[in-house]
């Protein structure tokens with residue numbers, strides 16, 4: 001009886017001590033809320049989706065005063081650690097109507113290692129530029 005109790009306690013401790021599958025907290029659909037550029041918040045609309053290994057982001061926001069919105073579209077695989085996610089960009093499309101030199105960027109982008117953190121039901125992605133996406137989890 002004591003042996004069964006010890007085995008049960010040891011098994012319980014192993015289960016409790018195992019690492020939580022953090023992908024489950026990132027995986028899902030996220031509504032784009034704010035794009036912080038150089039410390040200035042810009043309302044953002046769109047969708048960011050994480051599967052276990054891939055992501056897709058399609059967002060729009062307003063940086064300039066013209067009639068057209070700015071937009072980003074990115075997709076590809078990603079990897080992550082406790083506080084960093086590395087986006088491999090199979091697709092990188094940026095539309096910048098206010099940029100006369102490069103109004104549209106379309107390419108396979110460089111890998112982008114970004115910090116991230118959770119704040120309640122919000123996911124905050126901090127890019128190498130220090131610009132931030134603030135996303136809100138969408139209930140399934």
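Each reported figure results from applying straightforward, stated rules to the coordinates on display, with no laboratory input. Computed from a predicted model, the values in this text were never measured in an experiment. With ideal geometry, Cβ positions are generated from the backbone for all residues, glycine too; neighbour counts draw on all protein chains shown.
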Practice task
Hey, can you tell me all the residues within region 58-75 that are closer than 17 Å to residue 26 by Cβ and without any contact (Cβ under 8 Å) to a residue 24 or more places away in the chain?
Solution key: 75
Practice task
Tally the residues that are surrounded by 13 or more Cβ atoms within 10 Å (Cβ to Cβ), within 19 Å of residue 40 (Cα to Cα) and without any contact (Cβ under 8 Å) to a residue 12 or more places away in the chain, restricting the search to region 94-140.
Solution key: 2
Exercise for the section: Could you check how many residues of region 78-87 are more than 12 Å from the chain's Cα centre (by Cα) and touching a residue at least 12 places away in the same chain (Cβ under 8 Å)? Expected result: 1
Problem - Residue satisfying all of: in region 58-82; over 18 Å from residue 46 (Cβ atoms) and touching a strand residue (DSSP E or B) at 6+ places or on another chain (Cβ under 6 Å); surrounded by the fewest Cβ atoms within 10 Å (Cβ to Cβ) among these - result: 79
